[in-house]
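Here is the structure we will look at.
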Amino acid sequence: MQKIRKGDMVRVIAGNDRGKEGEVLQVLPKERRIIVKGVRMITRHLRPSAKHREGGIVQQEGPIDLSNVLLICPECDRPTRVGFVITETGEKLRQCKQCKKTFD
Ligand SMILES: [Zn+2]
């Protein structure tokens with residue numbers, strides 16, 4: 001189980017995009033990196049193809065290191081480190097280190 005998952009809101013705490021917040025679009029567990037909406041925008045030059053006859057330039061999010069972000073707690077709305085708790089029923093939940101509330 002991952003501390004940060006697709007659809008989470010995170011805050012960037014290091015690098016050029018420090019302070020930005022965005023939704024996690026993709027998690028790359030093997031690389032321990034994530035892609036966050038609107039963060040680390042990189043410019044790609046497209047070659048002309050059947051789909052894009054003119055080619056062109058697109059802006060796209062690049063992956064950032066998981067250690068450079070904090071989860072924004074859905075309960076208290078603060079950036080936080082995440083822990084895990086196991087409930088009586090054996091369910092594993094994430095826990096906000098700030099407000100101690102648990103969430104899926
Ligand atoms: Zn919280």
Which one of the conditions (1) of a type in the set (S, T, N, Q); (2) away from the ligand (no atom under 16 Å from the Cβ); (3) in contact with a Phe, Trp or Tyr (Cβ under 9 Å, 6 or more places away or on another chain) does Gln95 fail to meet, given that it meets all the rest?
(2)
Counted residues in the range 10-25 being open to solvent by 40 Å² or more (accessible area, probe 1.4 Å) and either touching a Phe, Trp or Tyr at 6+ places or on another chain (Cβ under 9 Å) or under 16 Å from Met41 (Cβ atoms) (or both) come to 8
Write out, first by first residue and then by second, each pair whose Cβ atoms fall under 9 Å of each other, whose residues are 6+ apart or on separate chains, and whose first residue, in the range 17-39, is free of Cβ contacts under 8 Å to residues at least 12 places away in the same chain and under 15 Å from Arg78 (Cα atoms) while the second is of a type in the set (Val, Ile, Thr) and open to solvent by 30 Å² or more (accessible area, probe 1.4 Å).
Gly19/Ile13
In the range 48-67, how many residues are more than 27 Å from Arg33 (Cβ to Cβ) and in contact with a Lys or Arg (Cβ under 6 Å, 6 or more places away or on another chain)?
1
Of the residues that make up the range 68-89, is at least one within 16 Å of Lys37 (Cβ to Cβ), at pLDDT 95 or above and more than 16 Å from the ligand (Cβ to nearest atom)?
yes
Given (1) modelled with pLDDT under 95; (2) in contact with a strand residue (DSSP E or B) (Cβ under 6 Å, 6 or more places away or on another chain); (3) of a type in the set (Ser, Thr, Tyr), identify the lone condition not met by Ser49.
(2)
Within the range 41-76, the count of residues that are open to solvent by less than 40 Å² (accessible area, probe 1.4 Å), of a type in the set (A, V, I, L, M, F, W, C) and within 16 Å of the chain's Cα centre (by Cα) comes to 7
Scan the range 59-83 and report the pairs whose first residue is touching a residue at least 12 places away in the same chain (Cβ under 8 Å) and within 11 Å of Lys101 (Cα to Cα) and whose second residue is open to solvent by less than 30 Å² (accessible area, probe 1.4 Å) and among the polar types (S, T, N, Q), with Cβ atoms within less than 6 Å and a gap of 6+ or a chain change.
Cys73/Thr80
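The values are calculated or read from the model by the stated rules, or taken from the named source; none is laboratory data. Fair warning: this is a prediction, and the values are worked out from it, not measured in the lab. Don't worry about glycine lacking a Cβ; one is built from the backbone with ideal geometry, like all the others, and counts go over all protein chains shown. Ligands, DNA and RNA are stripped out before the accessible areas are found, and what is left, the full protein with its side chains, is counted by its heavy atoms. Shrake-Rupley method; radii C 1.70, N 1.55, O 1.52, S 1.80 Å.
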